[in-house]
1. Just one of (1) closer than 27 Å to LEU192 by Cβ; (2) of a type in the set (A, V, I, L, M, F, W, C); (3) exposed (fewer than 13 other Cβ atoms within 10 Å of the Cβ) trips up ALA254, so point out which.
2. Looking at VAL196 and the list (1) free of Cβ contacts under 8 Å to residues at least 60 places away in the same chain; (2) surrounded by 14 or more Cβ atoms within 10 Å (Cβ to Cβ), which single condition is not satisfied?
3. Please verify whether segment 14-37 includes one or more residues that are of a type in the set (Asp, Glu), closer than 30 Å to VAL137 by Cα and assigned to a helix (DSSP H, G or I).
4. Any chance segment 205-228 includes a residue that's in contact with a helix residue (DSSP H, G or I) (Cβ under 9 Å, 6 or more places away or on another chain), of a type in the set (Gly, Ala, Ser), within 30 Å of ALA50 (Cα to Cα) and surrounded by fewer than 18 Cβ atoms within 10 Å (Cβ to Cβ)?
5. State all residues of segment 121-132 that are surrounded by 22 or more Cβ atoms within 10 Å (Cβ to Cβ) and among the hydroxyl-bearing types (Ser, Thr, Tyr); if no residue qualifies, say none.
6. On the given criteria, is GLN271 closer than 30 Å to THR38 by Cα, open to solvent by 70 Å² or more (accessible area, probe 1.4 Å) and out of contact with any Ser or Thr (no Cβ under 9 Å at 6 or more places or on another chain)?
7. Of SER49, SER34, which residue is small (Gly, Ala, Ser), modelled with pLDDT of 90 or more and open to solvent by 30 Å² or more (accessible area, probe 1.4 Å)?
8. Out of curiosity, is THR314 under 21 Å from the mean Cα position of the chain (by Cα), farther than 30 Å from GLU169 by Cβ and of a type in the set (Ser, Thr, Tyr)?
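The values are calculated or read from the model by the stated rules, or taken from the named source; none is laboratory data. The shown structure was predicted, so the numbers you read here are calculated from the model rather than taken from an experiment. Here the Cβ positions follow ideal geometry from the backbone for every residue, glycine too, while neighbour counts run over all protein chains shown. Areas reflect the complete protein model, heavy atoms only, side chains present, ligands, DNA and RNA absent. Shrake-Rupley method; radii C 1.70, N 1.55, O 1.52, S 1.80 Å.
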Amino acid sequence: MTEDNETPLSQCDVPPERRPALESYRGKRKVWLSWIDTDEHHAIWQTLSAMVWTDVSFRTLTQFAIDDEASCLGNSLVAIINGHVATQVLAIRRFVDGGSDVISLRRLIKDVRRNFNLFTRENYVCHNGLPYDYAVVQHNEMLERVGSGAFWGHTSGPKAWGTSQMAHEQFDRLSGIASTNRNREDQLPLALIDTVEGWLNNSGADELAKWSHAYLAHAGTPQKREEVAHLLVTTNKITHAIKALARVTEAVSAYILFASGRLNGLMPTAQFDRFEKLDQPVMRADRVDQAHILWDKLSSESDSCLEDVGRDLTRTQAGA
């Protein structure tokens, strides 16, 4: 769960002597969630959703081309695969960048690991005003509302016993601690981060990033390209990596941080007809001659940029 308003630290159901640790947890959690959800340019979930949209779009158009070899999608000018591979691989590369001054999934996991001692049951449940002992709050509310009929319960703050109960139950599942043995200072096991990091390491994203160093992000020398010659980039590998990255993000966001995840809502819902005009030709048959003229004109304009290089270069020397 994400919170729109932050409860003052003094009003959280945590003893004063442990509030400094809670303050650290809240500060870190706020930063982590900004990386995941709200950063203006590089929010992880927004990037992943865009990548999934691009992946599904590409695979759909590819299938159209396979099903109909006479389709305009088979023309080399369309070249949908080149742009697809470049944009997707570069985005994947950013996710596994471990730098200290970037927003990435790799950095997020590293930072969560470094601060995992802050993940106590007390901080997990009470960090934004939820009550620790939800059963007491529930009992008091039921007594107050006897005979009043149905009502909307609180979802945040000190009276949100239902949300507190969900947080406790999720902590139980993640920690393997029975509900009868709960303690405020219970801690989540570091094995959770080991598991999530293992998913990231086995996603194939690092291999794609290595390939991009030689072919996309940098113009690698022959020696550099030889180092990654064994790395074959395929659309299936890209799709697999995206899905693995999404699973890692869901694990951290929805479970370890008890915040908003995506569940079955990773793919954006289009507010328009996705296939509008795809049943129409790219070019009318009576426009072939004009297309040739335009092609030749633009090609000549490109060639002409080289015409005066020698003249302008020697003119510079002459005036020196």
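1. (3)
2. Only one criterion in (1) free of Cβ contacts under 8 Å to residues at least 60 places away in the same chain; (2) surrounded by 14 or more Cβ atoms within 10 Å (Cβ to Cβ) is unmet by VAL196, namely (1).
3. yes
4. Yes, segment 205-228 has at least one match.
5. TYR124
6. Yes; evaluated as a whole, the condition is true for this residue.
7. Among SER49, SER34, only SER34 is small (Gly, Ala, Ser), modelled with pLDDT of 90 or more and open to solvent by 30 Å² or more (accessible area, probe 1.4 Å).
8. Spelling it out, it is not the case that THR314 is under 21 Å from the mean Cα position of the chain (by Cα), farther than 30 Å from GLU169 by Cβ and of a type in the set (Ser, Thr, Tyr).
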